[in-house]
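Following: one structure in C-alpha cells, then a few remarks.
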Amino acid sequence: RLPETIAESPSNVEFAQRVVSMLLQTLPRVDTAAVLQLRDQDPSSSNQIQTLCWDSRQSDKNRFQPSRTMVRESLQRQESLIHIWNQDEEQSERANQYTHSGRFDWAFCVPITEEASWGWCLYVSGDLDCEFLPIVESQEELREELRFAELLARFIGAPHSREVVFTKN
C-alpha cells in the first residue's frame, strides 16, 4: 500500500498520518508510532524536533515524548537505534543515555537517509508489560519490527518519492 500512500498524499502531514497508521497496523508489538522531522540540518543543534504525526493504540493517549537524544543520534549517525530501558544490569550504564518516557519501556528510531528526506525519521515505542500487546523480552524480539521500519524508510526515501512528498523547512 505504500506506493498508493505516496501518490495519494497531498501534504507531508497527511503522508505522515498514513505512514503512522501503516506502522500501527503492521507491527503488533508497537504501542505508539510517529514520523518526526528535525528542523535543522545539524542534528546536534538545539532546534526542536517536529512531530509531523503520531498515534497510539491506547485510548488514554498521554502526551507523546520521544527520546530527542535518540532521534538526534540516529539522524547524525544515519543508522537505526533500538533501546530497552532498565532491561538488565548490562544496560544500566546506558540507562541515562536516552530519555525515558515514563510509559514506554522500549523504542527504536529509523532515519530516512536519502538527501531529499534528510531529517525525517520513524519512531516507534512500546511497553514491555502491556496487557493487549505481545510481550517483548529482548532487543532481538524487536528485530522484525525494526527490519520492517527500515524497509519502509528506504522505500519512503527512494528517488521516486522525493518529488511527490518531501519539502524542506
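Throughout, read-outs are computed from the coordinates displayed, never taken from laboratory work. Predicted model, so just to flag it, every value in this text is computed and none were measured. All Cβ positions, even for glycine, are placed from backbone atoms using ideal geometry, and neighbour counts span all protein chains on display.
One table, with the values for the structure above:
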| item | result |
| --- | --- |
| Extension gain from Gln78 to Gln58, taking 0.36 nm per residue of separation minus the Cα-Cα distance | 4.2 nm |
| Gain upon complete extension [Gln50, Arg68; 0.36 nm per residue less C-alpha separation] | 5.4 nm |
| R0 of 35 Å, Cβ-Cβ distance Arg39-Arg143: FRET efficiency to nearest 0.05 | 0.70 |
| Interchain or long-range residues, amide H under 5 Å from Trp106's placed H | Trp85, Gly126, Leu128 |
| Förster radius 22 Å - calculated FRET efficiency between Glu14 and Arg154, Cβ distance, rounded to 0.05 | 0.55 |
| Per-residue ³J(HN,Hα) for the range 49-58, Karplus 6.51 cos²θ - 1.76 cosθ + 1.60, θ = phi - 60°, Hz, x for Gly and Pro | 9, 8, 8, 6, 6, 8, 8, 9, 6, 7 |
| Note, ³J(HN,Hα) from phi for the range 80-85, Karplus 6.51, -1.76, 1.60, rounded to Hz, x at Gly and Pro | 6, 10, 10, 8, 10, 6 |
| Residues with amide H under 5 Å from that of Asp55, placed H, sequence gap 5 or more | Ala33 |
| Ranked packing of 65-73, 140-148, most packed first, by mean Cβ within 10 Å | 65-73, 140-148 |
